[in-house]
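Q: The structure follows.
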Amino acid sequence: MKQFKFVKWFKEIGIDDVGTVGGKNASLGEMFQNLIPKGIRIPNGFAITAEGYFHFLKANKLEDVILDAMSSLDTQNVDSLRERGKKIRQYFLDAKIPDDLRSEIVSAYHQLGNARSVPMDVAVRSSATAEDLPDASFAGQQETYLNVQGDQALLDSCLRCFASLFTDRAISYRHDKGFDHMKVGLSIGVQQMVRSDLAASGVMFSIDTETGFRDAVVINSSYGLGENIVQGSVNPDEYYVFKTTLKSGLKPILQKHLGNKEFKLVYDLGGSKMVKNIPVANDDRTRFSISDEDVLTLAKWACGIEDYYSKKKGHHLPMDMEWAKDGRSGELFIVQARPETVQSQKDNLKAGTILSYHLKKHSEVLLKGSSVGEKIGSGQVRVIKTAEDLGQLLQGEILVTDKTDPDWEPAMKRASAIITNRGGRTCHAAIVSRELGLPAIVGTQNATETLKSGQMVTVSCAEGETGFVYDGKLEYTIDQLDFSNLAQPKTKIMLNVGNPDEAFRLSFLPNSGVGLARMEFIISNSIKIHPLALLKFDSLKDENVKKQIEQLTLGYNNKTEFFVDKLAQGVSKIAAAFFPKDVIVRMSDFKTNEYADLVGGKPFEPHEENPMLGFRGASRYYDPKYLEGFALECRAMKKVREEMGLTNVLLMIPFCRTLDEGRKVIAEMEKNGLKRGENGLLVYVMCEIPSNVILAEEFSDIFDGFSIGSNDLTQLVLGVDRDSEIVAHVFDERNEAVEKMISMVIRSAHSKGRKIGICGQAPSDYPEFARFLVENKIDSISLNPDVVVKTTKDILNIEKAALTKEGGLPRP
């Protein structure tokens, strides 16, 4: 290819040429030379250098125009900024590209097109010479033009690119950051188009953009050319892929979210514009825009690009990339790559701090109850009497109700706090509030009568076991507690994690893994449908239910695959967040009334007077009335462990009443491809029934470990309904009978060489109970995230005191 003064081919430039060709072009050149040999496709092209831009300025005497317009600039004066920017841009558009520069651009364009008779379609992108440096990201401040065809169209696009260096936002950014307008140049990239107007395109990051979690690739995809996603014009499909096991050749797609993809940007063939937006057909909108194979290929490329740049820079460098799929060849291409400039520049406070809440002053106490969590929240009250009224709950309001049910969980996410009449510290409202990170006060007895919708109140859970509802909006402080140097106690501290969307963030807390991941949270929130309603969809009688299921399963022809995929994705996101630490996943433990509340659930569930002690847990898994549903749960877990490679997932069976039940469940799991001991699979059992304690040694022959469910165990040892506020004062894990049972089962488990932990709330609420557990040498304590730092410190002090007193805490 011909050598030029103002033009450089991608094969001639690299990342060290940012000052000459800008960040975008330097990166394209670097990848073109070094990553194409590794199988990553980059469309060919050339860069018009910043020297060409400055030559253009000088030839048209534009320096004085810029200096005059920029003198005494006040970027806070929006009208003045707009007027100055418009004036400069118009001068640029009225100027002429010097003949020597013009000749080189046209000549290079013809060479790129191999002197074809029909003009080549190219993308023309501006690239500022200080763009995408970690401390100076000009990304998105200049322009991109797609489907540019012909000499004159190319030259016109170049003029508009030059002018885009003086858009209002670009002027303001440089001024506020202290960059000299006359020293920032502009390069232009001219690149072969990828015909994604006939397929799909998008953006991807080699880091989770919300939390800074490093081990995930996030991919957005939509039909047509990529500018719609870049500009936020469409709601794209979204995918998460786990890097670690992807690099081992596995298929860890952690999440797939179907976007509406209402429009797509395509070539304006025969029209007056280069591109245009057209509606996407309804059938295409209800399908994912790329295949799983494409997702995995893109994720591998993202890892390859990140690894290459990280090695070159000498430190971890997350990347922000744009990709496109050619609808003619079916091939994928990377069309841009630059350093990610948000998470990679943050000091990750999540990894070293926790928040502590304190009221500055108090006011009249309106209500008291049992506090959940340690936060404070304020807002307007919204009294909700029935589920039908949940639509009235607005974002940030305080939900006040009699009690909550699992089907309320999506609406509960809109609340800033929750107050209930009924329930104790382990009722549904309390459990879900902890998982959502919301302050809640339960068991107030008369909240729905005392509080009125629209009333402003403050909910304080920061004052111990009793929660207070104060009149009015009170000020409070939030202190950051540093745990960056917090030691890990001998007793493993694990987390209770329900919401997969919180998993990446929670992984930054000090932990030894996840002691309880509740499957039913994922079923309620992501699936929402009874598994048997999916298996027996064609035989459903209720047409409204069938319509609901059709809507929820958009993108899936096979409705049971929807259940398997969504459950696998929810669990895998938690497992990936904490990999390679253990993640103990409890198989579904809905009661029959809760199963019935799932979409399509009523025909498949019996009515029970006392569902807490009825058809739940292990009893369902081998019973003909549900074993097909359990088979879907097993398929999902097999997918997580084998297809995604997340072998850190341990499975746990809840509410297993007898030894015979345990054997039947293990056999049923094996029938569905989950053989205990194969591929390192461990199967635990919840210890929450007195029979589990009394026959712990025999249960040890069937299962690999135990997790004490202190809520149900306390309920069944003391014979108290844990959801009754009337006898809530009797419910206490510190009761001598409960502690004797726990001490007994720890000894029995250890005598058989089995691990045993606890996943209840009591160790967080009662330091003396935590001390009891440590003294009895429990292996692990699984906590809700909001109390993990406080309880870890407590346990470290307990262990230190015991070490001093006894000369050590030997582990079994």
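The values are calculated or read from the model by the stated rules, or taken from the named source; none is laboratory data. Model, not experiment: these values are computed from the prediction. Here the Cβ is made from the backbone with ideal geometry for all residues, glycine too, and neighbour counts use every protein chain on show. These area figures cover heavy atoms from the full protein model, side chains too; ligands, DNA and RNA do not enter into them. Shrake-Rupley method; radii C 1.70, N 1.55, O 1.52, S 1.80 Å.
Q: Is it true that residue 292 is under 25 Å from the mean Cα position of the chain (by Cα) and touching a residue at least 40 places away in the same chain (Cβ under 8 Å)?
A: yes
Q: Taking segment 75-120 as the region of interest, how many residues are modelled with pLDDT of 95 or more, open to solvent by 70 Å² or more (accessible area, probe 1.4 Å) and in a loop (DSSP other than H, G, I, E, B)?
A: Of the residues in that region, 1 qualify.
Q: Take segment 579-593 and flag every residue that is over 20 Å from residue 674 (Cα atoms) and open to solvent by less than 40 Å² (accessible area, probe 1.4 Å).
A: 590, 591, 592
Q: Which of the residues belonging to segment 722-755 are within 25 Å of residue 703 (Cβ to Cβ), in contact with a Cys (Cβ under 9 Å, 6 or more places away or on another chain) and part of a loop (DSSP other than H, G, I, E, B)?
A: 722
Q: State the number of residues belonging to segment 24-74 that are open to solvent by less than 10 Å² (accessible area, probe 1.4 Å) and assigned to a helix (DSSP H, G or I).
A: Count: 13.
Q: Do you know which residues across segment 356-388 are over 29 Å from the mean Cα position of the chain (by Cα) and outside any strand (DSSP E or B)?
A: 360, 361, 362, 363, 364, 384, 385, 386, 388
Q: Scan 2, 8 and give me the residue that is under 22 Å from residue 158 (Cα atoms), at pLDDT below 95 and not in a helix (DSSP H, G or I).
A: 2
Q: Output yes when any residue across segment 469-476 is surrounded by fewer than 19 Cβ atoms within 10 Å (Cβ to Cβ) and among the aromatic types (Phe, Trp, Tyr), and no when none is.
A: Initially, segment 469-476 is screened for residues surrounded by fewer than 19 Cβ atoms within 10 Å (Cβ to Cβ), giving 471-476.
Of the ones still in play, those that are also among the aromatic types (Phe, Trp, Tyr) are 476.
Checked segment 469-476: at least one residue is surrounded by fewer than 19 Cβ atoms within 10 Å (Cβ to Cβ) and among the aromatic types (Phe, Trp, Tyr).
Q: Still on this structure: Of the residues in segment 458-475, how many are modelled with pLDDT of 95 or more, within 31 Å of the chain's Cα centre (by Cα) and over 10 Å from residue 362 (Cβ atoms)?
A: Within segment 458-475, residues that are modelled with pLDDT of 95 or more, within 31 Å of the chain's Cα centre (by Cα) and over 10 Å from residue 362 (Cβ atoms) number 1.
Q: Collect the residues in segment 742-772 that are among the aliphatic types (A, V, I, L, M) and more than 34 Å from the chain's Cα centre (by Cα), keeping them in residue-number order. Can you show your working first?
A: Start the filter on segment 742-772 by keeping residues that are among the aliphatic types (A, V, I, L, M), which leaves 742, 744-746, 749, 756, 758, 762, 770.
Listed by number, the residues that qualify are 742, 744, 745, 746, 749.
Q: So for segment 772-780 (the condition being β-branched (Val, Ile, Thr), assigned to a helix (DSSP H, G or I) and surrounded by fewer than 19 Cβ atoms within 10 Å (Cβ to Cβ)), does at least one residue qualify?
A: No, that holds for no residue.
Q: If a residue has to be assigned to a helix (DSSP H, G or I) and not charged (D, E, K, R) to count, how many in segment 275-308 make the cut?
A: 12
Q: Can you tell me which residue among 662, 705, 757 is touching a residue at least 24 places away in the same chain (Cβ under 8 Å), closer than 30 Å to residue 422 by Cα, of a type outside the set (Asp, Glu) and buried (at least 22 other Cβ atoms within 10 Å of the Cβ)?
A: Values: 662 fails: closer than 30 Å to residue 422 by Cα; 705 fails: closer than 30 Å to residue 422 by Cα.
Testing whether each residue is touching a residue at least 24 places away in the same chain (Cβ under 8 Å), closer than 30 Å to residue 422 by Cα, of a type outside the set (Asp, Glu) and buried (at least 22 other Cβ atoms within 10 Å of the Cβ) leaves just 757.
Q: Could you please find all residues in segment 605-615 being surrounded by fewer than 21 Cβ atoms within 10 Å (Cβ to Cβ) and touching a residue at least 12 places away in the same chain (Cβ under 8 Å)? First the steps, then the outcome.
A: Taking segment 605-615 as the starting set, the residues that turn out to be surrounded by fewer than 21 Cβ atoms within 10 Å (Cβ to Cβ) are 606-615.
Matches in segment 605-615: 606, 607, 608, 611, 612, 614, 615.
Q: Can you find a residue that is open to solvent by less than 20 Å² (accessible area, probe 1.4 Å) and of a type in the set (Phe, Trp, Tyr) anywhere in segment 309-318?
A: Within segment 309-318, one or more residues are open to solvent by less than 20 Å² (accessible area, probe 1.4 Å) and of a type in the set (Phe, Trp, Tyr).
Q: From the list 576, 631, 596, 618, which residue is out of contact with any Lys or Arg (no Cβ under 6 Å at 6 or more places or on another chain), hydrophobic (A, V, I, L, M, F, W, C) and open to solvent by 10 Å² or more (accessible area, probe 1.4 Å)?
A: Every option except 631 fails the conditions.
Q: Name the single residue, out of those in segment 400-419 being under 25 Å from the mean Cα position of the chain (by Cα) and hydrophobic (A, V, I, L, M, F, W, C), that is surrounded by the fewest Cβ atoms within 10 Å (Cβ to Cβ).
A: 411
Q: Out of segment 708-721, which residues are assigned to a loop (DSSP other than H, G, I, E, B), in contact (Cβ under 8 Å) with a residue 24 or more places away in the chain and surrounded by fewer than 24 Cβ atoms within 10 Å (Cβ to Cβ)?
A: 721, the sole residue that qualifies.
Q: Report whether or not residue 637 is of a type outside the set (Gly, Ala, Ser), over 30 Å from residue 505 (Cα atoms) and touching a residue at least 24 places away in the same chain (Cβ under 8 Å). Step through it out loud before you land on a result.
A: Values: of a type outside the set (Gly, Ala, Ser): yes; over 30 Å from residue 505 (Cα atoms): no; touching a residue at least 24 places away in the same chain (Cβ under 8 Å): yes.
Considered against the rule, which asks whether it is of a type outside the set (Gly, Ala, Ser), over 30 Å from residue 505 (Cα atoms) and touching a residue at least 24 places away in the same chain (Cβ under 8 Å), residue 637 comes out as no.
Q: Next question. As an exercise: evaluate residue 15 against (1) at pLDDT below 95; (2) within 22 Å of residue 146 (Cβ to Cβ) and give the number of the one condition it does not meet.
A: (2)
Q: Quick one: what pairs do we get from segment 668-690, first residue touching a residue at least 12 places away in the same chain (Cβ under 8 Å) and assigned to a loop (DSSP other than H, G, I, E, B), second open to solvent by less than 20 Å² (accessible area, probe 1.4 Å) and acidic (Asp, Glu), C-beta under 8 Å, 6+ apart or different chains?
A: If the second residue must be open to solvent by less than 20 Å² (accessible area, probe 1.4 Å) and acidic (Asp, Glu), the pairs left are 688/712; 689/712.
Q: I'd like the residue in segment 173-212 that is among the hydroxyl-bearing types (Ser, Thr, Tyr) and surrounded by fewer than 24 Cβ atoms within 10 Å (Cβ to Cβ) and, out of all such residues, is nearest to residue 54 (Cα to Cα).
A: 173
Q: Given the criteria free of Cβ contacts under 8 Å to residues at least 24 places away in the same chain and open to solvent by 10 Å² or more (accessible area, probe 1.4 Å), does residue 283 qualify?
A: Criteria met by residue 283.
Q: Among the residues of segment 126-143, count how many are surrounded by 22 or more Cβ atoms within 10 Å (Cβ to Cβ) and at pLDDT 75 or above. Can you show your working first?
A: Applying the first criterion (surrounded by 22 or more Cβ atoms within 10 Å (Cβ to Cβ)) to segment 126-143 yields 126-129, 131-132, 137-138, 142.
Next, from what is left, pick out any that are at pLDDT 75 or above: 126-129.
Summing the residues that are surrounded by 22 or more Cβ atoms within 10 Å (Cβ to Cβ) and at pLDDT 75 or above in segment 126-143 gives 4.
Q: Another question, then. Residues that are under 22 Å from residue 287 (Cβ atoms), more than 13 Å from the chain's Cα centre (by Cα) and at pLDDT below 95, at least 1 per element: which strands (runs of 3 or more DSSP E) completely within segment 197-273 meet that?
A: It comes to 200-205, 216-223, 237-242, 263-267.
Q: Can you tell me which residue among 747, 734 is surrounded by fewer than 18 Cβ atoms within 10 Å (Cβ to Cβ) and in contact with a Phe, Trp or Tyr (Cβ under 7 Å, 6 or more places away or on another chain)?
A: Exactly one of 747, 734 is surrounded by fewer than 18 Cβ atoms within 10 Å (Cβ to Cβ) and in contact with a Phe, Trp or Tyr (Cβ under 7 Å, 6 or more places away or on another chain), namely 734.
Q: Is segment 446-466 home to any residue that is open to solvent by less than 20 Å² (accessible area, probe 1.4 Å), over 18 Å from residue 711 (Cβ atoms), in a strand (DSSP E or B) and not aliphatic (A, V, I, L, M)?
A: yes
Q: Which one is farthest from residue 583 (Cα to Cα), of the residues in segment 636-661 that are assigned to a helix (DSSP H, G or I), aliphatic (A, V, I, L, M) and under 21 Å from the mean Cα position of the chain (by Cα)? Before the answer, list the steps.
A: Initially, segment 636-661 is screened for residues assigned to a helix (DSSP H, G or I), giving 636-643, 659-661.
Right, trim to aliphatic (A, V, I, L, M) and you get 636-637, 640, 659.
Among the residues that remain, those that are also under 21 Å from the mean Cα position of the chain (by Cα) are: 636-637, 640.
On the way: 636: 15, 637: 12, 640: 12 Å.
If we take residues in segment 636-661 being assigned to a helix (DSSP H, G or I), aliphatic (A, V, I, L, M) and under 21 Å from the mean Cα position of the chain (by Cα), then 636 is farthest from residue 583 (Cα to Cα).
Q: Kindly provide the set of residues from segment 781-806 that are open to solvent by 10 Å² or more (accessible area, probe 1.4 Å) and hydroxyl-bearing (Ser, Thr, Tyr), ordered by number.
A: Scanning segment 781-806 gives a single hit, 804.
Q: Counting only residues that are under 30 Å from residue 641 (Cα atoms) and either surrounded by fewer than 20 Cβ atoms within 10 Å (Cβ to Cβ) or of a type in the set (D, E, K, R) (or both), how many does segment 213-247 have?
A: 7
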